[in-house]
Amino acid sequence: MKSGFLSKWVFSSFQSSRKRSESAFTLVELLVVIAIIGVLVGLLLPAVQAAREAARRMQCTNNLKQIGIALHNYHDTYRRLPPGGLWFTNAIADPNFQLNRGSMLMRLTQFIEQGNTYNLFDFNRPPEYQLVPGSTTQYIAGQSIPTYRCPSDDSPQFNTNVIDAIPVGRLASHSYAGSKGPTSTGDNAAGSCAERAVWDTYKLSNNDQTPAGPFTRLGRFYIGRFADVSDGLSNTIFVGEIRANCSIPATRGWVHGSNLSGMISTIYPMNVDTCTRDLSRGACRWWDNWSTNFGFKSL
């Protein structure tokens with residue numbers, strides 16, 4: 001009796017273990033499944049990345065749209081366009097002339113839901129050196145404005161070197177700049193830098209001159225209006241994309257108005273996808289490739 005029971009139990013256990021072994025995956029089968037999953041992930045990953053980049057590009061385009069709407073709102077409010085910036089020149093004898101009172105982008109913050117940031121500025125002083133009230137280290141210009149940053153921009157979000165005694169990481173960069181038009185009218189080639197003559201094409205030493213493009217570097221003497229755009233607003237470049245990591249002035253942030261931070265000339269080729277620079281010119285240290293430094297670039 002016991003022997004028969006034991007033999008039945010052994011036979012039953014053998015059948016159960018055999019069924020379990022037949023239903024389990026072999027090592028080869030597991031490797032095949034893992035390989036198939038890897039292939040599927042490899043096929044789907046580029047599609048996912050493309051979808052994400054498309055979403056980022058859509059956000060970049062929407063930022064430009066918001067800046068365009070802000071320009072219209074600014075014009076409706078002040079009956080003029082914001083000045084592109086102010087640049088010092090010896091030809092200006094007016095003691096009330098204010099050097100650097102902010103960029104075009106800075107003045108538009110009040111119309112892109114950044115009114116609190118706009119209200120922090122004291123327009124009687126150069127804005128890029130102004131600290132957030134109550135702070136001894138945080139600059140207003142260090143606040144990153146989402147509308148001014150394209151998600152596809154690979155440039156550092158903050159300055160990576162010391163700029164005019166402002167420490168690293170205290171100035172927020174931007175991905176957009178206003179159009180200076182095809183202006184190239186400078187006559188001051190003084191200075192030790194070989195690029196000085198080219199740099200001066202962005203400043204007007206004659207107060208009677210008015211630059212091309214919808215904005216100006218001398219907003220005190222000439223204010224642009226939509227009525228001045230004879231080619232039509234839809235046929236005129238107002239704002240475009242830039243790569244801050246290819247432009248030293250753009251690393252100064254969206255607030256600075258007395259350099260090329262917020263203005264780009266269309267005389268330089270667009271989409272030159274290089275960042276060549278030559279830092280061997282003594283203390284000048286300016287990039288020698290002006291096409292890569294100051295042209296519009298799609299991000």
Report task. Those residues that are part of a loop (DSSP other than H, G, I, E, B) and β-branched (Val, Ile, Thr), I need them from region 137-158; list them, please. Result -> Thr137, Ile145
Query raised in the report: Tell me, which residue of region 132-144 that is surrounded by fewer than 21 Cβ atoms within 10 Å (Cβ to Cβ) and in contact with a helix residue (DSSP H, G or I) (Cβ under 7 Å, 6 or more places away or on another chain) is farthest from Cys60 (Cα to Cα)?
Result: Val132
Requested in this report: Please find, within region 64-91, the residue that is nearest to His174 (Cα to Cα) out of those that are surrounded by fewer than 17 Cβ atoms within 10 Å (Cβ to Cβ) and modelled with pLDDT under 55.
Outcome: Phe88
Query raised in the report: Given the structure, is Asn100 surrounded by fewer than 10 Cβ atoms within 10 Å (Cβ to Cβ), within 24 Å of Glu128 (Cα to Cα) and at pLDDT below 75?
Result: no
Requested in this report: Report yes if some residue within region 200-215 is modelled with pLDDT of 75 or more, assigned to a strand (DSSP E or B) and not basic (Lys, Arg); otherwise report no.
Outcome: no
Query raised in the report: In the list Ile237, Ile248, Ile223, which residue meets the criterion of being among the β-branched types (Val, Ile, Thr) and modelled with pLDDT of 75 or more?
Result: Ile237
Query - Neighbours by Cβ (under 8 Å, 6+ apart or cross-chain): first from region 54-74, charged (D, E, K, R); second surrounded by fewer than 18 Cβ atoms within 10 Å (Cβ to Cβ) - result: Arg56/Pro151; Arg56/Ser152; Arg57/Ser152
Query - Within region 33-59, considering residues that are closer than 24 Å to Arg149 by Cα and among the hydrophobic types (A, V, I, L, M, F, W, C), the one modelled with the highest pLDDT - result: Met58
Query raised in the report: With (1) over 24 Å from Asn124 (Cβ atoms); (2) in contact with a Lys or Arg (Cβ under 9 Å, 6 or more places away or on another chain); (3) at pLDDT below 85 as the list, and Leu30 as the residue in question, which single condition is left unmet?
Result: (2)
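The values are calculated or read from the model by the stated rules, or taken from the named source; none is laboratory data. Since the model is a prediction, treat every value here as computed from it, not as a measurement. Ideal geometry is used to build each Cβ from the backbone, glycine not excepted, and the neighbour counts take in all protein chains shown.
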